[in-house]
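Presented below is the structure to which this report refers.
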Amino acid sequence: MELYINRWACWAPPCDNQAASPLLDYVSPLLKRRLSQLTRMTIEVVHQVLSAAPESPLVFVSSCGESARQLQVDRMLIEDGDILPAPFSLSVFNASPAMATIALGMKGGYTALFPAENLFQEGFAYGAAPIMAGETESAILVFADQQLPAEYKAIAEPEDNIPPYAAAFVLSSVRQAGGILVDSYKDLEALIRV
């Protein structure tokens, strides 16, 4: 079976304003008001590629997830000995893909993945696996991370201190116009450098 990247999109804030987020004019203000930068970037890139695979499952890959919300939850646990449901419900790795499926009306489900090493290779293999196994024709694969809060930066590894970004890829066993055949990870590395 062959594997194609039929569409891809990326979003990152400008270098002089790393806290910026996409505007998401197509999302209701009520839903938008509680969204983090990571979730907003995720929604934006999925929105840009969704027409190429509207019924596809979403595979979300992140090295740190909703780190700012996790810090809020950790503080509550340390200071109060208790966690409120609202901050917890939007914490760590499930918030961004869940909110993307809600905001964009996606019905294909989602999976959140935290790869231990080789973020891109492991994430790509996981996103491609159901397609290569014949379980689905296509999937939307998203890689996204936000800047770590200052409290985490002091203990983070250098590779964890990355600028915020989100990128989405529509993977498919069927080539659409402009689709790129993926022969190997070398092809993917070349695509990333474009």
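Could we say that residue 147 is closer than 27 Å to residue 37 by Cβ and either polar (S, T, N, Q) or assigned to a helix (DSSP H, G or I) (or both) here?
yes
Name, by its number, the condition in (1) among the hydrophobic types (A, V, I, L, M, F, W, C); (2) at pLDDT below 75; (3) over 15 Å from the mean Cα position of the chain (by Cα) that does not hold for residue 90.
Against the list (1) among the hydrophobic types (A, V, I, L, M, F, W, C); (2) at pLDDT below 75; (3) over 15 Å from the mean Cα position of the chain (by Cα), residue 90 comes up short only on (3).
Return the residues of the stretch 136-176 that are aliphatic (A, V, I, L, M), at pLDDT 95 or above and surrounded by fewer than 16 Cβ atoms within 10 Å (Cβ to Cβ); say none if nothing qualifies.
The answer is 174, and nothing else.
Any residue in the stretch 97-111 that is surrounded by 19 or more Cβ atoms within 10 Å (Cβ to Cβ), under 22 Å from residue 21 (Cα atoms), of a type in the set (A, V, I, L, M, F, W, C) and touching a Lys or Arg at 6+ places or on another chain (Cβ under 7 Å)?
Looking for residues that are surrounded by 19 or more Cβ atoms within 10 Å (Cβ to Cβ), under 22 Å from residue 21 (Cα atoms), of a type in the set (A, V, I, L, M, F, W, C) and touching a Lys or Arg at 6+ places or on another chain (Cβ under 7 Å), one finds none in the stretch 97-111, hence no.
Which of the residues spanning the stretch 105-141 are closer than 18 Å to residue 40 by Cα and more than 14 Å from the chain's Cα centre (by Cα)?
Matches in the stretch 105-141: 105, 106.
Just to be sure, is residue 24 more than 25 Å from residue 137 (Cα to Cα) and either surrounded by 12 or more Cβ atoms within 10 Å (Cβ to Cβ) or in contact with a helix residue (DSSP H, G or I) (Cβ under 7 Å, 6 or more places away or on another chain) (or both)?
Yes, satisfied.
Taking the criterion of being surrounded by fewer than 18 Cβ atoms within 10 Å (Cβ to Cβ), of a type in the set (Asp, Glu) and either under 21 Å from residue 131 (Cβ atoms) or in contact (Cβ under 8 Å) with a residue 40 or more places away in the chain (or both), would at least one residue in the stretch 38-58 satisfy it?
Looking for residues that are surrounded by fewer than 18 Cβ atoms within 10 Å (Cβ to Cβ), of a type in the set (Asp, Glu) and either under 21 Å from residue 131 (Cβ atoms) or in contact (Cβ under 8 Å) with a residue 40 or more places away in the chain (or both), one finds at least one in the stretch 38-58, hence yes.
Return yes or no: is residue 76 surrounded by fewer than 19 Cβ atoms within 10 Å (Cβ to Cβ) and in a helix (DSSP H, G or I)? It would help to see each step written out before you state the result.
Numbers: surrounded by fewer than 19 Cβ atoms within 10 Å (Cβ to Cβ): yes; in a helix (DSSP H, G or I): yes.
Against the criterion (surrounded by fewer than 19 Cβ atoms within 10 Å (Cβ to Cβ) and in a helix (DSSP H, G or I)), residue 76 qualifies.
Please specify each residue of the stretch 116-135 satisfying the condition of being surrounded by fewer than 17 Cβ atoms within 10 Å (Cβ to Cβ) and either at pLDDT below 90 or not in a loop (DSSP other than H, G, I, E, B) (or both).
At the first step, the residues of the stretch 116-135 found to be surrounded by fewer than 17 Cβ atoms within 10 Å (Cβ to Cβ) are 116-118, 120-122, 125-126, 129, 132-135.
Within the stretch 116-135, 116, 117, 118, 120, 121, 122, 125, 126, 129, 132 meet the criteria.
Could you check the stretch 116-135 and list, in sequence order, the residues that are touching a strand residue (DSSP E or B) at 6+ places or on another chain (Cβ under 8 Å) and over 19 Å from residue 93 (Cβ atoms)?
128, 131
Among the candidates 129, 112, 125, 95, single out the residue that is in contact with a Phe, Trp or Tyr (Cβ under 6 Å, 6 or more places away or on another chain) and closer than 16 Å to residue 60 by Cβ.
112
Name the pairs whose Cβ atoms lie under 7 Å apart, with the first residue in the stretch 6-35 and in contact (Cβ under 8 Å) with a residue 60 or more places away in the chain and more than 12 Å from residue 163 (Cβ to Cβ), the second among the small types (Gly, Ala, Ser) and assigned to a loop (DSSP other than H, G, I, E, B), and 6 or more positions between them or separate chains?
Close Cβ pairs (under 7 Å, with a partner that is among the small types (Gly, Ala, Ser) and assigned to a loop (DSSP other than H, G, I, E, B)) amount to 6/179.
The values are calculated or read from the model by the stated rules, or taken from the named source; none is laboratory data. Remember, it's a predicted structure, so these values are computed and weren't measured experimentally. Neighbour counts run over all protein chains shown; Cβ positions are idealised from the backbone, glycine included.
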